[in-house]
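Worksheet: one structure, shown below.
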Amino acid sequence: MKTNKTGYTTGVIATILVLVWIGILKFTPSEAKAIKPLVENSWLMSWLYQVVSIQTGSILIGIFEIITALFLTASFWSRKAGKIAGILTLIIFVSTLSFLLSTPGIWKQMDGIPVTDFFILKDLAFLAIGIQVLERSANKIVD
């Protein structure tokens, strides 16, 4: 067994599952309300609420996440889908990681150590998967 292939495949599948899961969640009023402070303070995404309602904005984000998951799935068979998936994944996770810089009060101190909402920090790993997908698709890496 090639561990690099297994690790890559596991990472991409995990990213697909998370994107589908959180994408579906974006269709709910609870999630739309939960992401409101993140989106409205983001220099990358705050424009969305000027164009559509909070719920519609959440649904659009969810659709984008689900479409990205579909392209990630197709990336196992298509380099072109992989390039698109890599770019979309980078857009999603750079945007969510930007919340760490744009959302007031997201950083706190615990025993003198800066801490944050770790559900966003995990996106560093998903960003790495997006980079790998894009890199493999661009470099014609075939497993």
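Pairs meeting the criteria (first residue in the stretch 102-124 and touching a residue at least 40 places away in the same chain (Cβ under 8 Å), second residue hydrophobic (A, V, I, L, M, F, W, C) and exposed (fewer than 12 other Cβ atoms within 10 Å of the Cβ), beta carbons under 6 Å, at least 6 apart or on different chains) are Ser102/Trp43.
Listed conditions (1) in a helix (DSSP H, G or I); (2) crowded, with 16+ Cβ neighbours inside 10 Å are all met by Leu60, apart from (2).
To keep it simple, each residue is scored yes or no on (1) closer than 16 Å to Thr68 by Cβ; (2) surrounded by 14 or more Cβ atoms within 10 Å (Cβ to Cβ).
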{"site": "Thr89", "(1), (2)": "yes, yes"}
{"site": "Ile92", "(1), (2)": "yes, yes"}
{"site": "Ser98", "(1), (2)": "no, yes"}
{"site": "Gly105", "(1), (2)": "no, no"}
{"site": "Met110", "(1), (2)": "no, no"}
{"site": "Ile113", "(1), (2)": "no, no"}
{"site": "Leu134", "(1), (2)": "yes, yes"}
{"site": "Ala138", "(1), (2)": "no, no"}
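Scanning the stretch 99-134 for residues that are under 18 Å from the mean Cα position of the chain (by Cα) and among the polar types (S, T, N, Q) yields Ser102, Thr103, Thr116, Gln132.
Selection within the stretch 16-42: residues that are in contact (Cβ under 8 Å) with a residue 60 or more places away in the chain and in a loop (DSSP other than H, G, I, E, B). The member of this set that is farthest from the chain's Cα centre (by Cα) is Asn41.
Laboratory data are not the source of any read-out in this text; all were calculated from the coordinates shown. Keep in mind the model is a prediction, meaning the values are calculated, not measured. For neighbour counting, all protein chains shown are included, and Cβ atoms are generated from backbone atoms with ideal geometry for every residue, glycine included.
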